[in-house]
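First the structure, then my questions, so here it is.
The values are calculated or read from the model by the stated rules, or taken from the named source; none is laboratory data. It should be emphasised that the depicted structure is a prediction, and the values quoted were computed from it without experimental measurement. Here the Cβ is made from the backbone with ideal geometry for all residues, glycine too, and neighbour counts use every protein chain on show.
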Amino acid sequence: MSVPQPLLDVRDLRVEYSTRRGTMHAVDGISFTVEKGQHLGLIGESGCGKTTTGRALLRVLPRNGRVGGGQMFFKERDLVTLSEREMRALRWREISMVPQSSMDTLDPVYRVGDQLREVLTLRGGMNNAEARARSAELFDLVGLASDRLDNYPHEFSGGMRQRAVIAMALALNPDLVIADEPVTALDVIVQHQVLETFRDLQERLGISVIMITHDISVVAETCDEIAVMYAGKIMERAPVRRFFAMPFHPYALGLQNAFPNLARPKETLISIEGYPPDLVEPPKGCRFNTRCPFAIERCFVEEPPLIEVEPGHQAACHRWREVEQLREQAKEAETWQSVA
Amino acid sequence: MAVSSVTTNERAPLLEVRDLVKHFPLRRGMLANLAGDSEAVHAVNGVSFSVRRGGSIGLAGESGCGKSTTAKMLLRLFEPTSGQIIFDGQDIVTLKGADLKAFRRRAQLMFQNPYESFSPRFTIFRSLVEPLLIHGVKDADERTRRVWQALNDVNLQPAESFFQKFPHQLSGGQLQRVVLARSLVLEPEFLAADEPVSMLDVSVRAGILNTMKEQAAQRNLTTVYISHDLSLIQYLCETTAIMYLGQIVEMGPTAGVINEPQHPYTKALISTIPIPEPERKKTTIPIEGGVPSAISLPSGCTFHPRCPFAMDICERKVPPPLDLGQGRTVRCFLYGGKNEADEVGKNAAAA
Ligand SMILES: Nc1ncnc2c1ncn2[C@@H]1O[C@H](COP(=O)(O)OP(=O)(O)OP(=O)(O)O)[C@@H](O)[C@H]1O
Ligand SMILES: Nc1ncnc2c1ncn2[C@@H]1O[C@H](COP(=O)(O)OP(=O)(O)OP(=O)(O)O)[C@@H](O)[C@H]1O
Ligand code: SF4
Ligand code: SF4
Ligand SMILES: [Mg+2]
Ligand SMILES: [Mg+2]
């Protein structure tokens, strides 16, 4: 018998954009898996390649973008090699997406319910009666009253619109939902309601989610696994609890200093000064070397591979064996000032 | 009763806001006007607070609760519908001409978006020197010295290397430091910062927050910080005010408000803020629905339609601000005030 495969198994994925300045390596050889029912938090600062990764999985990249290499096994089929027709059959039904700033993507001139029904009839082949019943069910699932199906988008609050878009993504019972910053524009109370919706989906339907966000608190509260991206690479990947208890990568150590915690206020927050490298001409060696206080000579010549640092936990840093010492040093503000 | 600015009573508030109101009239058709229909967005509905010289207050609350509108009134960018803003003993609402210009030099506003704060065609030096020119700093060497000092103070070093740069040549974090430098270049006594870091990546936010904190302390600046992010206010402010639909529903020393919130809205708000600790079990206080429209405010306590503790009276009477001791106030009938409200009610009925 074969070993059970993960739902999604991404191996050495590369995505490039052609730009006037040359080829931009927006995603540069990343590997990760998502199990059935698992919620993976994909985090990292603006421009590190999160949205690009999500769009590559659905093969809905912008015109100047292309998958430059690697494999994306989904239920054991490689999405990279599927025909466009096969991909079309798979979108919405097996993998769907809640796009970034999607609450503004509802068409203002159509009723929300009609937009939902369109997905169900055109993509899902349902008749009108079926679609109506399913729409009500979906609204209920995301915590919207079904008598609001006849409303126009402007009659919804931001949080309601966001939930309507989530309802659309769920319309055809996908196995995997890619949610790109689904709560970023929302106030905390509404944000909480939407995140509860996601948790609920996991419990009730066993749906897998890739939650793209820049907020590690959101990952802490809703995900099982975390992957930290930096400049087109995955720097650390771990079970969420393990990541918060025992981070390995210097970028992750820095992030934990930089993030405020309302429940346990820090005396001083510490920045990771500087900015990510240009991905048209990425630096030699480790991509974090321009901002890393622990960089040694080797970091400027040799790229650190993502390797297992403890069971189920990977990091890409040459100095991972010294992590206990680095963790101590990382707590000092002076350590980080030395780079700036 | 204009008090001279040389009196530096450390205890006296530099800024005192009394019952500030701002309504934005909705322009409807002629018919509506003829019918005497004066609908308006009730953006700010009676905000009062004070800040001591060198003190800091944070205004927090959900989108649309009136934070920016309040800040703009403090800086005289919006005319209040009613209320007073006493700055160093003077009501600035009525200031005009030279007095207004003098006030503008003493009080500065730092905006949210660093990219929109500067003309892309001006060098950093030109953007920073402009306020000095407007305020009549005649000596060129003095102007250059002050621009250099401001850049140096916000940790853009060596300062002169930034003079000839253009905004697009700087990172978001550096540019936000330039925004701060520009608001410090006139050496103001008062600074209001509206969402000062919300456009920046979290990895670089801390640096600018630390610089703001340092500069405020060094210059004995009086500050008002505005943010929807309570953790930022927790980091920067001695006093925290929670706003809901244009009113301060709870106010007090920051640690008290955040660790032991009293108002049902504050409790709900704080309990839903995500915490970067996966092990932590949280109990959240769920509240229903979204914020009602500021055009037709709910009667009585404006939080009553969503409040899990709402009582009969909440729908009928406006809860007055109650003093809970230790500098804390709350507007909620759970803590008393019913009798007072009855008095107000009776008086209103009698009138
Ligand atoms: N169509 C495009 N053409 C050229 N470059 C692009 C294109 N789309 C994205 N990029 C670049 O690719 C990199 C990764 O972008 P991506 O949108 O994936 O980042 P992200 O991590 O989602 O960021 P954010 O948090 O800001 O949404 C960025 O440097 C971005 O500028
Ligand atoms: N110039 C204006 N004309 C009409 N209404 C306005 C104007 N400015 C603000 N408002 C309204 O006043 C209310 C308060 O807005 P304000 O911008 O002060 O909120 P805020 O607390 O700063 O919100 P955010 O967190 O979204 O910035 C809102 O209902 C807003 O739509
Ligand atoms: S490999 Fe070197 S530069 Fe990269 S994170 Fe590790 S120590 Fe820092
Ligand atoms: S006054 Fe009444 S409705 Fe308002 S917060 Fe207090 S209990 Fe709730
Ligand atoms: Mg993105
Ligand atoms: Mg605002």
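Identify the single condition in (1) within 23 Å of B:Phe303 (Cβ to Cβ); (2) more than 9 Å from every other protein chain (Cβ to nearest Cβ) that B:Ile273 does not satisfy, given that it satisfies every other one.
Every condition holds for B:Ile273 apart from (2).
Inspect the stretch A:278-287 for any residue being at pLDDT 95 or above, away from ligand 6 (no atom under 16 Å from the Cβ), crowded, with 19+ Cβ neighbours inside 10 Å and closer than 26 Å to B:Gln157 by Cα and give the result as yes or no.
yes
Could you please tell me which pairs satisfy a Cβ distance under 6 Å, a separation of 6+ or placement on different chains, a first residue in the stretch B:191-202 that is within 11 Å of another protein chain (Cβ to nearest Cβ), and a second residue that is within 16 Å of ligand 3 (Cβ to nearest atom) and not β-branched (Val, Ile, Thr)?
Correct list of pairs: B:Asp201/A:Glu45; B:Val202/A:Ala258.
Right, something else. Could you tell me which of the residues B:Gly290, B:Gly300 is at the interface with chain A (Cβ under 8 Å from one of its Cβ atoms) and either crowded, with 20+ Cβ neighbours inside 10 Å or not hydroxyl-bearing (Ser, Thr, Tyr) (or both)?
Details: B:Gly300 fails: at the interface with chain A (Cβ under 8 Å from one of its Cβ atoms).
B:Gly290 is the lone residue from the list that is at the interface with chain A (Cβ under 8 Å from one of its Cβ atoms) and either crowded, with 20+ Cβ neighbours inside 10 Å or not hydroxyl-bearing (Ser, Thr, Tyr) (or both).
Let me ask you something else. For the stretch B:82-103, which positions are in contact (Cβ under 8 Å) with a residue 40 or more places away in the chain and charged (D, E, K, R)? Quick ask: steps written out before the conclusion?
Quick first cut of the stretch B:82-103, residues in contact (Cβ under 8 Å) with a residue 40 or more places away in the chain only: B:82-90.
The answer is B:Asp88, and nothing else.
Take the residues in the stretch A:267-277 that are more than 8 Å from chain B (Cβ to nearest Cβ) and not acidic (Asp, Glu), then tell me which one is surrounded by the fewest Cβ atoms within 10 Å (Cβ to Cβ). Lay out the reasoning, then the answer.
Going residue by residue through the stretch A:267-277, those that are more than 8 Å from chain B (Cβ to nearest Cβ) are A:267, A:276-277.
Checking which are not acidic (Asp, Glu) leaves us with A:276-277.
Details: A:Pro276: 22, A:Pro277: 17.
The qualifying residue surrounded by the fewest Cβ atoms within 10 Å (Cβ to Cβ) is A:Pro277.
Taking the criterion of being in a helix (DSSP H, G or I) and within 16 Å of the chain's Cα centre (by Cα), would at least one residue in the stretch A:182-191 satisfy it? First the steps, then the outcome.
The initial filter retains those residues of the stretch A:182-191 that are in a helix (DSSP H, G or I), namely A:188-191.
Within this subset, residues satisfying the condition of being within 16 Å of the chain's Cα centre (by Cα) are none.
No, that holds for no residue.
Are any of the residues in the stretch A:148-155 at pLDDT below 95, under 22 Å from A:Arg204 (Cα atoms) and either buried (at least 17 other Cβ atoms within 10 Å of the Cβ) or away from chain B (no Cβ under 14 Å) (or both)?
no
Looking at (1) free of Cβ contacts under 8 Å to residues at least 60 places away in the same chain; (2) of a type outside the set (S, T, N, Q); (3) away from chain A (no Cβ under 14 Å), find the lone condition where B:Leu184 falls short.
(1)
Which residues, counting only those in the stretch A:204-263, are assigned to a strand (DSSP E or B), more than 12 Å from the chain's Cα centre (by Cα) and either at pLDDT below 95 or within 13 Å of chain B (Cβ to nearest Cβ) (or both)?
A:Tyr230, A:Met235, A:Ala238, A:Pro239
Output the residue which, of all residues in the stretch A:136-147 that are assigned to a helix (DSSP H, G or I) and free of Cβ contacts under 8 Å to residues at least 24 places away in the same chain, is surrounded by the fewest Cβ atoms within 10 Å (Cβ to Cβ). Write out each step before concluding.
First, pick out the residues of the stretch A:136-147 that are assigned to a helix (DSSP H, G or I): A:136-141, A:146-147.
Checking the rest, the ones that are also free of Cβ contacts under 8 Å to residues at least 24 places away in the same chain come to A:136-137, A:140, A:146-147.
Working: A:Ala136: 17, A:Glu137: 13, A:Asp140: 12, A:Ser146: 15, A:Asp147: 10.
Looking at residues that are assigned to a helix (DSSP H, G or I) and free of Cβ contacts under 8 Å to residues at least 24 places away in the same chain, I get A:Asp147.
Is there a residue in the stretch B:212-222 that is hydrophobic (A, V, I, L, M, F, W, C) and in a strand (DSSP E or B)? Full working, then the answer.
Taking the stretch B:212-222 and keeping what is hydrophobic (A, V, I, L, M, F, W, C), we get B:212, B:216-217, B:221.
Adding the requirement that they be in a strand (DSSP E or B) leaves none.
Within the stretch B:212-222, none of the residues are hydrophobic (A, V, I, L, M, F, W, C) and in a strand (DSSP E or B).
Hey, another quick one. Looking at the stretch B:53-77, which of its residues are touching a Pro at 6+ places or on another chain (Cβ under 9 Å) and under 16 Å from B:Arg18 (Cβ atoms)? Before you say what the answer is, go through the steps one by one.
Taking the stretch B:53-77 and keeping what is touching a Pro at 6+ places or on another chain (Cβ under 9 Å), we get B:53, B:55, B:73.
Within the stretch B:53-77, B:Met73 is the sole residue that qualifies.
Additional query: Any chance the stretch B:109-117 includes a residue that's touching a Phe, Trp or Tyr at 6+ places or on another chain (Cβ under 7 Å) and either of a type in the set (A, V, I, L, M, F, W, C) or within 16 Å of ligand 5 (Cβ to nearest atom) (or both)? Step through it out loud before you land on a result.
Taking the stretch B:109-117 as the starting set, the residues that turn out to be touching a Phe, Trp or Tyr at 6+ places or on another chain (Cβ under 7 Å) are B:117.
Filter once more, so that each one left must be either of a type in the set (A, V, I, L, M, F, W, C) or within 16 Å of ligand 5 (Cβ to nearest atom) (or both): none.
Within the stretch B:109-117, not a single residue is touching a Phe, Trp or Tyr at 6+ places or on another chain (Cβ under 7 Å) and either of a type in the set (A, V, I, L, M, F, W, C) or within 16 Å of ligand 5 (Cβ to nearest atom) (or both).
Does B:Arg145 qualify as being under 16 Å from the mean Cα position of the chain (by Cα) and of a type in the set (D, E, K, R)? Give the steps one after another, and end with the answer.
Details: under 16 Å from the mean Cα position of the chain (by Cα): no; of a type in the set (D, E, K, R): yes.
So B:Arg145 does not fit the description; no.
Quick test for you: out of B:Thr283, B:Thr254, B:Thr266, B:Thr223, pick the one residue that is under 13 Å from the mean Cα position of the chain (by Cα), away from ligand 6 (no atom under 16 Å from the Cβ) and more than 8 Å from every other protein chain (Cβ to nearest Cβ).
Every option except B:Thr223 fails the conditions.
Please work out which one of (1) crowded, with 23+ Cβ neighbours inside 10 Å; (2) modelled with pLDDT of 95 or more; (3) more than 12 Å from chain A (Cβ to nearest Cβ) is the condition B:Thr240 fails and give its number.
Condition (3) is where B:Thr240 drops out.
Considering the stretch A:306-340 alone, what residues qualify as being under 19 Å from A:Glu273 (Cβ atoms), part of a loop (DSSP other than H, G, I, E, B) and not hydrophobic (A, V, I, L, M, F, W, C)?
A:Lys331, A:Glu332, A:Ser338
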